[in-house]
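Quick notes on the structure that follows.
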Amino acid sequence: MGRDVIIACDFPGKKETLDFLDQFTGRKPFVKIGMELFYAEGPDIVREIKARGHKIFLDLKLHDIPHTVEKAMASLARLDVDMTNVHAAGTIEMMKAARRGLTKEDGSRPILIAVTQLTSTGQDQLEQDLMIHEPIGDVVTHYAENAKTAGLDGVVSSPLEAAMIHEACGTDFLTVTPGIRFAGAAADDQTRITTPAKAKEIGSDYIVVGRPITQAEDPVAAYERCLADFCG
């Protein structure tokens, strides 16, 4: 599977999102719709962007009891997105339930991945807030192994952990990595970050890029730079 850049469309509403996407004349970038936009606009924003020809990563990070997640995924399956996710912390049984709910009668389903640890979480927060006292790389790898056991296609992680995940779970197990910044840019609220070129070198399969593109003076040029650095 080829590498790709996914643009995080973390906008407050439909107008801002579509105005942003209108700048990409002749291109249909892969986009992420997260909680901010989905909760503001509902499923219709997914349908509209999909109808425009974009691939969609629906990033809602489901995390609940297995029965609830299975039923929620069955609803999301009707939106025909290309990728969606759960929290790996919800357990192997929850992830299996998510996969069942997402799978249609003909056996098809979107790519299903699991969030390991958020890129805003560092070792200190892991230990002090979550009372997890293992090294963060070990925790992320263990969660990835659980996701593979559950039959998922990959995980969301920091790009810094992509190589160790591939080593533990195989090269065909996808790593989808946010926490991407251009060299010299501000980290914002991210802790475990790297550049597009470094993410390519480490072995990320997809990078998710938000503010470095959406808040750039020239978003199309920033996107092209990401593509060149990561996919070129």
**Matching residues in segment 116-136 - criterion: being surrounded by fewer than 19 Cβ atoms within 10 Å (Cβ to Cβ) and in a helix (DSSP H, G or I)** = GLN123, ASP124, GLN125, LEU126, GLU127, GLN128
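Conditions (1) within 12 Å of the chain's Cα centre (by Cα); (2) touching a residue at least 40 places away in the same chain (Cβ under 8 Å), marked per residue:
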site: PHE30; (1), (2): yes, yes
site: GLY34; (1), (2): yes, no
site: PRO43; (1), (2): no, no
site: ALA51; (1), (2): no, no
site: ARG78; (1), (2): no, no
site: ASP82; (1), (2): yes, yes
site: ALA97; (1), (2): no, no
site: ILE113; (1), (2): yes, yes
site: GLY122; (1), (2): no, yes
**Pick from segment 196-224, criterion touching a helix residue (DSSP H, G or I) at 6+ places or on another chain (Cβ under 8 Å) and among the basic types (Lys, Arg), ranking: nearest to ILE56 (Cα to Cα)** = LYS200
**Prompt:** Is it true that some residue in segment 138-151 is part of a helix (DSSP H, G or I) and in contact with a Pro (Cβ under 7 Å, 6 or more places away or on another chain)?
**Reply:** no
**Request:** Evaluate the following for ASP10: is it within 17 Å of the chain's Cα centre (by Cα), surrounded by fewer than 16 Cβ atoms within 10 Å (Cβ to Cβ) and within 22 Å of VAL155 (Cα to Cα)?
**Result:** no
**Message:** With the structure loaded, tell me whether GLN128 is free of Cβ contacts under 8 Å to residues at least 60 places away in the same chain and either among the hydrophobic types (A, V, I, L, M, F, W, C) or over 25 Å from LEU76 (Cα atoms) (or both) or whether it fails that test.
**Reply:** yes
**Fill in**
Note: among ILE113, ILE165, ILE92, ILE180, just one is among the hydrophobic types (A, V, I, L, M, F, W, C) and open to solvent by 10 Å² or more (accessible area, probe 1.4 Å), namely ILE92
**Prompt:** Restricted to segment 45-89, and to residues that are out of contact with any strand residue (DSSP E or B) (no Cβ under 7 Å at 6 or more places or on another chain) and of a type in the set (Gly, Ala, Ser), which residue is least open to solvent (accessible area, probe 1.4 Å)?
**Reply:** ALA77
**Prompt:** Does segment 15-24 contain any residue that is exposed (fewer than 14 other Cβ atoms within 10 Å of the Cβ) and closer than 26 Å to LEU174 by Cβ?
**Reply:** no
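The values are calculated or read from the model by the stated rules, or taken from the named source; none is laboratory data. Just so it is clear, the structure is predicted and the values come from calculations on it, not from any experiment. Methodologically, a virtual Cβ is constructed for each residue, glycine included, from the backbone with ideal geometry; neighbour enumeration extends over all protein chains shown. For accessibility, only protein heavy atoms count, side chains too; no ligands or nucleic acids. Shrake-Rupley method; radii C 1.70, N 1.55, O 1.52, S 1.80 Å.
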